[in-house]
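Shown next, in structure tokens, is the structure this report addresses.
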Amino acid sequence: MKDDFFKYQAQTTPHPLALEIAHAKGSYIYDTEGNAHLDFVAGVSACCLGHCHPKVVQAIKSQTNKYMHVMVYGEYVQEPAVAYTKLLASHLPKNLETTYLVNSGTEAIEGALKLARRYTGRSELIAANNAYHGNTMGSLSVTGYEARKSAFRPLIPDVRFIQFNSLSDLEKITKKTAAVLLETIQGGAGFILPKNDYLKEVRRRCNEMGALLILDEIQPGFGRTGKLFAFEHFDITPDILVVGKGMASGLPVGAFIASHKMMATLQEHPKLGHITTFGGNPVIAAASLATLKEVTESQLITYTLEKEQLFRSLLVHPLIKEVRGKGLMLALLFEKVEIANYLVLEAAKKRLILFWLLFEPKAVRISPPLTISEEEIKIGCMQIVYLLNAYQ
């Protein structure tokens, strides 16, 4: 199977990890030789309820027995999508009442950027250096990392960049600005949190200039930071919220959310201002609904902060210079790239799944399922400390 993988399936890097998967359950992924691998990555934050959560699996099976795809998005009334978007609105501020369901986080970013330009009548977009918002052309245009973009230029025009957490840079937001797009917590840059009321100051400046604030919560959303959405930690509300990843417990999905008034501008002039064939797919909507119910009706969000403290108490080592992030969105920062590479690759040999971050090569990601047990955390952290001791 591995030979066919390399021959027939397009690769994203010259050296993928190439673990051959048989099945997955809970906090473990099982290879074709029957070995269990403890998953500290959760599909890069996507499998928030672990692998094959029974309530999500049952929701998927139940919906597939009724109907799957029946019509392009927005034409037919389909119960899973209606029930999901209504429940989601009940957990959000009043101005975030209408959800456009799409297929991925990057498509959700595309929709949000189009909506901002359409609603404001302005074209300028402002994003942050070292931001990551996806890999389609629009999302790539607002990604603040030139090494990832240069091979694909020209990208969409009228995009400017500011430094995350720099208050002086907010002067670049003007009456020409359609929207400011920020990750609530910068992911690819190394799980960097906003400091010194930064997001409040961005919100204030946007209000002054009539610009929209778009927050990208594709990664920190759905309980990962100890709140349903990370912006709740910072006492602000965006005009447009972008979500994805953990939204459907591992199925491909994304959404952008705004006021009903704002979203209505995509209906006319032109009609079909944004359109998708498979967005709002009933099977994925059913999985999203089951996920949201489980996250909000259980104690998982509360336990997330307790589990963060357990990780922090166990991951103490001279080679670990900092543990960044919030909740179960954590990154170990080292002085050298070599240490991060060593840890990910050696942990894989010990059947512990860790991973890198996009733009911070000295960091190692820890983003396990929210359902991970304290015992599993202790087992994985013990392995990390053992490997770091061996490096010395």
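Please treat every number below as a calculation from the coordinates, not as lab data. It should be emphasised that the depicted structure is a prediction, and the values quoted were computed from it without experimental measurement. All Cβ positions, even for glycine, are placed from backbone atoms using ideal geometry, and neighbour counts span all protein chains on display.
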>> As an exercise, find the ratio Rg/Rh for region 230-374 from alpha-carbon atoms, using the Kirkwood inverse-distance average for Rh.
In response: 1.05
> How much of the DSSP beta bridge set in region 56-297 is antiparallel, as a percent to the nearest 5?
Replying inline: 40 percent
> Treating the beta-carbon of each Lys and Arg as +1 and of each Asp and Glu as -1, no other charges, what is the dipole magnitude of the chain about its Cα centre, to the nearest 20 debye?
Replying inline: 540 debye
> When the Cα centres of region 66-145 and region 19-55 are compared, how far apart do they sit, in Å?
Replying inline: 28 Å
> Fully extended, how many nm does the chain gain between Q299 and L314 (0.36 nm per residue separation, minus their Cα-Cα distance)?
Replying inline: 3.2 nm
>> Defining a contact as two alpha carbons under 8 Å apart and six or more residues distant in sequence, what relative contact order in percent does the chain show?
In response: 23 percent
> Projected onto the charge dipole of the chain (+1 at Lys/Arg Cβ, -1 at Asp/Glu Cβ, origin at the Cα centre), which of Q78, I377, Y391 gives the Cα projection farthest towards the positive end?
Replying inline: Q78
> For all pairs of alpha-carbon atoms in the chain, what percent lies in each bin of width 10 Å, listed from the first bin to the last filled one?
Replying inline: 5, 23, 32, 27, 12, 2, 0
> Which of the aspartates and glutamates could a cross-linker span from K66 if the Cα-Cα distance has to be under 17 Å and same-chain partners fewer than 8 positions apart are dropped?
Replying inline: E79
>> Between region 196-248 and region 152-172, how far is it from one alpha carbon centroid to the other, in angstrom?
In response: 18 Å
>> For a test of the definition: using alpha carbon positions, the gyration tensor, and the 1.5 limit on a/c, classify region 340-392 as rounded, prolate or oblate.
In response: oblate
>> Over the chain, with a Gaussian network built from C-alpha contacts below 10 Å, which listed residue (F334, F161, F152) shows the highest mean-square fluctuation?
In response: F152
> Which loop-located GluC sites (Glu not before Pro) does region 219-303 contain, where loop means any DSSP state but H, G, I, E or B and the Cβ has at most 14 other Cβ atoms within 10 Å?
Replying inline: E268
> So what's the net charge close to A340: Lys and Arg +1, Asp and Glu -1, counting the other residues with Cβ under 12 Å from its Cβ?
Replying inline: 0
> Counting Lys and Arg as +1 and Asp and Glu as -1, what is the net charge of the other residues whose Cβ lies under 11 Å from the Cβ of V283?
Replying inline: +2
>> Placing unit charges on C-beta atoms (Lys and Arg positive, Asp and Glu negative, everything else neutral), compute the dipole magnitude of region 1-68 about its Cα centre in debye, rounded to 20.
In response: 440 debye
> Local charge sum around D197 (other residues, Cβ-Cβ under 10 Å, Lys/Arg +1, Asp/Glu -1)?
Replying inline: +2
>> Report the gain in length on full extension from C52 to K2: 0.36 nm times residue separation, minus Cα-Cα distance, nm rounded to one decimal.
In response: 15.6 nm
> If you count, for each residue, the other Cβ atoms within 10 Å and average over each peptide, how do 143-149, 23-29 line up from highest to lowest?
Replying inline: 23-29, 143-149
> Which order do R122, R160 fall in if you start with the one that has the fewest other Cβ atoms within 10 Å?
Replying inline: R160, R122
> Can you list the lysines whose alpha carbon sits under 23 Å from that of K25, skipping same-chain ones fewer than 8 residues off?
Replying inline: K2, K55, K61, K245, K293, K307, K349, K350, K378
> Rounded to the nearest 500, what is the chain's calculated 222 nm mean residue ellipticity when only DSSP H runs of at least 4 contribute -39500 (n - 2.57) each, over all residues?
Replying inline: -10500 deg cm²/dmol
>> Is the C-alpha gyration tensor of region 221-311 telling us rounded, prolate or oblate? Criteria: a/c under 1.5 is rounded; beyond that, a/b larger than b/c is prolate, otherwise oblate.
In response: oblate
